[in-house]
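Please read the structure below before turning to the comments.
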Amino acid sequence: MTNYILDIRTPHGGSYRVREDGAISRRMDDGTWLAPSGQWTLRGIRHVKRTTEFIPFARLTERRLATLEPRFKNGKPQWTVCDRDHGTDREWGNTSHHGIAWIVWTGMTEAEAARLILGVAS
């Protein structure tokens, strides 16, 4: 069974899940999840102001995320995603729209994550 360990949300409602191997899955407008291809992976997250502050995917642990402050006092995201899509390293731009509104450790199976995110009772 696939194990999703991170749940990421953007300020404008984008929802993403990350598997333990770093593969990213995106929630589509109709509520279904795009199956991870393995070609789109999370490299880590970068602070939007302190650009040398980068947390690699391998260090995004439950303990580290518990101390992470995702937003500035004005509500704008402090962090953005760095990914690799089909071999190209990218950093999500326009952080007001694509930044990280919140990121949590789920450590859940695919079915558990779907129930939580979709609000389905277990």
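Observations, loosely collected:
- Distance from the Cα centroid of region 32-104 to that of region 2-25 is 10 Å (rounded to whole angstrom).
- Label point distance in nm, Val104-Arg71, each placed 7 Å from Cα along Cα→Cβ: 1.5
- Using R0 = 25 Å, the C-beta based FRET efficiency linking Thr88 and Thr51 works out to 0.85.
- Projecting the Cα atoms of Leu6, Pro70, Met28 onto the charge dipole of the chain, computed from C-beta unit charges around the Cα centre, puts Pro70 farthest toward the positive end.
- Among the chymotrypsin sites (Phe, Trp or Tyr not before Pro) in region 22-73, those located in a DSSP loop and surrounded by at most 13 other Cβ atoms within 10 Å of their own Cβ are Phe72.
- Residues whose placed amide H lies under 5 Å from that of Gly44, excluding near-sequence neighbours: Phe57, Cys82
- Region 3-118: relative contact order as a whole-number percent, Cα under 8 Å and 6+ apart: 31
- Cα-Cα separations in the chain greater than 20 Å, expressed as whole percent: 39
- Over the residues of the chain, the helix contribution to mean residue ellipticity at 222 nm works out to -3500 deg cm²/dmol, using -39500 (n - 2.57) for each DSSP H run of at least 4.
Taken together, the values in this text are just the output of simple stated rules run on the coordinates, not laboratory data. If you're wondering where the values come from, they're calculated on a predicted model, not measured in any experiment. FYI the Cβ positions are ideal-geometry reconstructions off the backbone, even for glycines, and counts take in every protein chain you see.
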